[in-house]
Amino acid sequence: MRVYDIIEAKKRRRELTDAEIGFFVKKVADGSATEGQIAAFCMAVLLNGMTKREAVSLTLAMADSGKKTPRPPADGIFADKHSTGGVSDSTTLVLVPVLASLGVKCAKYSGRGLGHTGGTLDKLESFRGLTTALSPQEFAGQAVKIGAVIAGQTEETVPADKRMYAVRDLTATVDSIPLIASSVMSKKLASFSDVILLDVKYGDGAFMRTASEAEKLASLMVGIGSAAGRKTCAAVTRMDSPLGDAIGCNAEVREAVGVLQGKISNDLSALSFYHCEKILEQAEGIAEEEAKRRVKEAVASGRALDKLAEMVGAQGGDPRDVYEAEKTLPLAKNERRIEAKKDGYLKISALALGRACLEMGGGREKAGAQIDHEAAILLGKRAGEFVRRGETLATLYYNDKEGDAYALAESAFSLSDKRIRLRPLVHSFTAGR
Ligand code: URA
């Protein structure tokens, strides 16, 4: 068998066998397939697609390409959640402690922010002293002991995806549904969760621009998870305006704490609680109303917030910082306000605000770059609201880097004389068998 022939077959639209896919992935992981060959394979898949069987096969081979985190011998259900990325999306920081406080253990491998989208690991590292670099044993141990853990996958996890993603990023082959699905799901399957919820975003701040594309991706990922024996479900959700009212690491952690304290009610709290309810329904087989009641109780009792503090403490942070987030997670020293230039109904672009935060150092252009946790944008108004001339739309917080942030952020807002009909936050939900 040769890598060349596998590329040739995909180029000519022949369905690849499991053996061919396994061979290709092995050659990617051991470094013997060249970058040129990986690029050609990815472009052939992008142009010609894959059958569901091929996508399952690619995912399983990728998941097996490195070290997996084995399921610890513990009773109960382990849950995981993945978002395809957005702006002001700190649902994980709400969901993990809520579910853990309700007895569903959350073992979540997360990623770092790249481009205009934020990353959970960066946000969590806003807590002084907290580490997200845990060994698989520490990760599984914490999942069993306190039911809540969020960490980064190690270098040895799914090495085939690391090489393929780096090539895709340079060769305009990221936006292929089977390649995204296999990349995301291989990382989920390399860990041990029994229930997986996928939040597939669509809109101007997301990978998938339309709901129908997002549904295709959601359906393929649910199919892959189910074929691998995991209870998998997916929600297709709107990402054209920011989910919460804060953008930037410290600001988003403060907002997530506010949601856990029951002080904030917005799309972030609504979507976080929705995901919690769906995972509870899948994990415990309970009805929607009962799931809603339990989630409400977890927040109202303060148990969810206490669980976040316990998790922060277990990962080397100071649990007291959670209760004093406003003090311990400062915003940058310089402030600039954006105000409405006329009356009207407000439209907000998530993409432009994500880019503005990136410009202030609050995000990273290249993997591995440092970020400024204090850079932030706080929204004064929400998408769809009617605003009056002179009212504050947003405030920018920056330290030494402002760059084009102000102009970019200003371009994110437009005001219309006509009422704006927001699309529903959750477009659709699919659960596998
Ligand atoms: N996120 C991933 O992990 N992989 C992709 O291919 C796209 C987004």
- line: Taking a ≥ b ≥ c as the square roots of the eigenvalues of the Cα gyration tensor, with a/c under 1.5 meaning rounded and otherwise prolate when a/b exceeds b/c and oblate if not, the range 1-156 is prolate
task: Taking a cut-off of 21 Å between Cα atoms, list the lysines near residue 108, but don't count ones fewer than 8 places away on the same chain.
output: 67, 68, 81, 123, 145, 162, 187, 188, 201, 231, 278, 307
- prompt: What dipole magnitude, in Debye to the nearest 20, does the range 58-160 give about its Cα centre under +1 on Lys/Arg Cβ and -1 on Asp/Glu Cβ?
  reply: 180 debye
- request: Compute the length gained on full extension between residue 320 and residue 35: take 0.36 nm times their separation in residues and subtract their Cα-Cα distance, giving the result in nm to one decimal.
  value: 97.8 nm
query: Between residue 416 and residue 131, what is the spin-label point distance in nm, taking each point 7 Å from the Cα along the Cα→C-beta axis?
result: 5.1 nm
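Rounded to the nearest 0.05, what FRET efficiency do residue 288 and residue 52 have when you use their Cβ-Cβ distance and R0 = 30 Å?
For residue 288 and residue 52, the calculated efficiency is 0.55.
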query: If you stretched the chain out fully between residue 369 and residue 400, how much longer would it get, using 0.36 nm times the residue separation minus the C-alpha to C-alpha distance?
result: 9.5 nm
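Which FRET efficiency value, to the nearest 0.05, is calculated for residue 154 and residue 347 with the Förster distance at 30 angstrom and r the Cβ-Cβ distance?
0.10
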- prompt: Of all trypsin sites (Lys or Arg not before Pro) in the range 13-82, which ones are in loop regions per DSSP and have a Cβ with at most 16 other Cβ atoms within 10 Å?
  reply: 13, 14, 67, 68
query: Expressed as a whole number of Å, what is the distance separating the alpha-carbon centroids of the range 200-271 and the range 414-429?
result: 16 Å
- prompt: With a 10 Å Cβ neighbour count serving as the proxy for reagent exposure, in which order, fewest first, do 127, 139 appear?
  reply: 139, 127
- line: The exposure ranking of 393, 124, fewest beta-carbon neighbours within 10 Å first, is 393, 124
- request: Grab the beta carbon distance between residue 428 and residue 392, set R0 = 60 Å, and tell me the FRET efficiency rounded to 0.05.
  value: 0.95
task: Give the order of 277, 213, 391 when sorted by the count of other beta carbons within 10 angstrom, beginning with the fewest.
output: 391, 213, 277
Mean projection area, nm², convex hull over Cα of the chain: 20.2 nm²
- prompt: Cross-link partners among aspartates and glutamates for residue 105, C-alpha distance below 19 Å, same-chain residues fewer than 8 apart left out?
  reply: 75, 80, 138, 194, 199, 277, 281, 284, 290, 297, 306, 310
- prompt: What spacing in nm lies between the two simple spin-label points modelled at residue 138 and residue 210, each 7 Å away from Cα in the Cβ direction?
  reply: 4.6 nm
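Given only helices, namely DSSP H runs of n ≥ 4 each adding -39500 (n - 2.57), what is the per-residue ellipticity at 222 nm of the chain, to the nearest 500 deg cm²/dmol? Present the calculation step by step, with values, prior to reporting the outcome.
Numbers: 18 runs with 195 residues, N = 433.
After summing the helix terms and dividing by residue count, I get -13500 deg cm²/dmol.
Each value in this text was obtained by applying a stated rule to the coordinates, not by laboratory testing. Keep in mind that what you see is a predicted model, and the values were worked out from it rather than measured. Note: ideal-geometry Cβ built from the backbone for every residue, glycine included; neighbour counts use all protein chains shown.
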